[in-house]
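In what follows, a structure is listed as structure tokens, so that the remarks can point back to it.
The values are calculated or read from the model by the stated rules, or taken from the named source; none is laboratory data. Not measured: the values here are computed from a predicted model. Because the Cβ atoms are built from the backbone with ideal geometry, glycine has one as well, and the counts that use them run over all protein chains shown.
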Amino acid sequence: MRRDVEQLRYWLGFNLVRGIGPARIRRLLDHFGELGAAWEAGAAELQQAGLDRRSVDNLLKARSQIDLDLVLERVERAGAQVLTWESPEYPRNLLNVAAPPPVLFVKGTLKPEDEWAVALVGTRRATAYGREVTRELATRLAASGVTVVSGLARGIDAVAHRAALEAGGRTIAVLGCGVDQVYPPEHRELAEAITRSGALVSDYPIGEPPDAANFPPRNRIISGLSRGVVIVEAGADSGALITADFAAEQGREVFAVPGNINQRSSVGPNKLIQQGAHMVLSAADILEELNLTLVNEYSEARAALPADATEQRVLEKLSAGPTHIDDLGVQLALPIAQLSGTLALMELKGLVRQIGGMNYVIAREARAVYTVE
């Protein structure tokens, strides 16, 4: 068995162990170097690695019950791909949030350009107004080269996916069940279409049925995959507002579509706007705020080699620690307007990241593309 496949079995195994999430997986990797060694370790060494007694007991019990080869076989039968933190294809946006899922299951295809993604979410009980606004936003975003992310639910989500597909764009659906399951069942045909022009994504194991408790946590993946989250319609207790909360925690931009103050489905977005979310009157508001107006023009810029002299100089000054654009401008003796434009293009290329407050860091992938002293 190839080493990469062998190690993948252990990632799948840990994904089935109750109580071992991203933080504990990180401790195990730091201690053992690979999950295979952690899977085979004894109780004492697992505790030395940072697992508490309950987690150790859960692991030992799972280890005696789980057939890793069978788990891998189920994935293959489902036609799914498994991505881990170590996979080059793991979505960069999601990998950069705190505690990303260690394992992702994918049906369809994730592409580098999916980094330019925006989530459109909202109530399952959408009004005619909400549906029309969602259709307009998703169509324009998709036509601009932006990947539309949503949750395959009834209402706003389904409209967003369909509009993106009809516009010839890409769309990603994040599920609260295994990617071999479809919920709601009437969206089976829609799900199949998404796999042809995007992907179904979940961190739940193959065979995991839909459950009400699964849907709120999956919203962190919707926001994590996206550069910004747009709430179209949402009641006061809508799950879409959970997505907005995750987006804010992850440093993503939150957008909201204003609505009738007497309409229950507009309570959520109107409240978000009142609290400081970006008000959306057209797709241009989203594209401009997220510097996505030129995605189509720059869709091949990521692979452009070599960098021009200005980009090279910027990379030489950046590190993993944040540098403010003003300080960078002083160091490089460049006008802020020129530097801002260069940084925007470099962000689209995946070479730098803005981490808030006009502070920038070099993306870890940059060193694999450019020679930086």
Residue list for region 12-34, filter: without any contact (Cβ under 8 Å) to a residue 40 or more places away in the chain and among the aromatic types (F, W, Y)
F32
Looking at (1) touching a Lys or Arg at 6+ places or on another chain (Cβ under 8 Å); (2) surrounded by fewer than 22 Cβ atoms within 10 Å (Cβ to Cβ); (3) part of a helix (DSSP H, G or I), which is the one condition that is false for R124?
(3)
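Hey, does region 96-113 have a residue that's among the small types (G, A, S) and within 20 Å of G228 (Cα to Cα)?
First, the residues of region 96-113 that are among the small types (G, A, S): 98-99, 108.
Filter once more, so that each one left must be within 20 Å of G228 (Cα to Cα): 98-99.
The answer is yes, given that some residue of region 96-113 is among the small types (G, A, S) and within 20 Å of G228 (Cα to Cα).
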Could you tell me which of the residues Q250, Q275 is touching a helix residue (DSSP H, G or I) at 6+ places or on another chain (Cβ under 9 Å) and either in contact (Cβ under 8 Å) with a residue 40 or more places away in the chain or in the same structural domain as P185 (by TED's automatic domain parsing) (or both)?
Q250
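Take R154 and decide whether it is assigned by TED's automatic domain parsing to the domain that holds L200 and more than 21 Å from T195 (Cβ to Cβ). Please lay out each step first, then the result.
On the way: assigned by TED's automatic domain parsing to the domain that holds L200: yes; more than 21 Å from T195 (Cβ to Cβ): no.
Taking the combined requirement at face value, the residue does not satisfy it.
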Does G33 satisfy the criteria of being surrounded by 13 or more Cβ atoms within 10 Å (Cβ to Cβ), on the phi > 0 side of the Ramachandran plot, modelled with pLDDT under 95 and not β-branched (V, I, T)?
no
Which ones in region 251-270 are surrounded by fewer than 22 Cβ atoms within 10 Å (Cβ to Cβ) and either within 18 Å of A126 (Cβ to Cβ) or at pLDDT below 95 (or both)?
G251, P258, N260, I261, N262, Q263, R264, V267, N270
Please enumerate the residues belonging to region 64-98 that are aliphatic (A, V, I, L, M) and either in contact (Cβ under 8 Å) with a residue 40 or more places away in the chain or surrounded by fewer than 12 Cβ atoms within 10 Å (Cβ to Cβ) (or both).
I66, L68, L70, V71, L72, V75, A78, A80, V82, L94, V97, A98
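Just wondering, is there one or more residues in region 90-113 that are more than 30 Å from A256 (Cβ to Cβ), part of a helix (DSSP H, G or I) and charged (D, E, K, R)?
Quick first cut of region 90-113, residues more than 30 Å from A256 (Cβ to Cβ) only: 102-103, 105, 107, 109.
Now narrow it down to the ones that are part of a helix (DSSP H, G or I): none.
No; the residues of region 90-113 include none that is more than 30 Å from A256 (Cβ to Cβ), part of a helix (DSSP H, G or I) and charged (D, E, K, R).
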Flagged in region 236-250 as within 15 Å of L225 (Cβ to Cβ) and touching a Ser or Thr at 6+ places or on another chain (Cβ under 6 Å), in numbering order, are T243, F246, A247, Q250
Kindly evaluate A44 against the criterion of being small (G, A, S), surrounded by 16 or more Cβ atoms within 10 Å (Cβ to Cβ) and assigned to a helix (DSSP H, G or I).
no
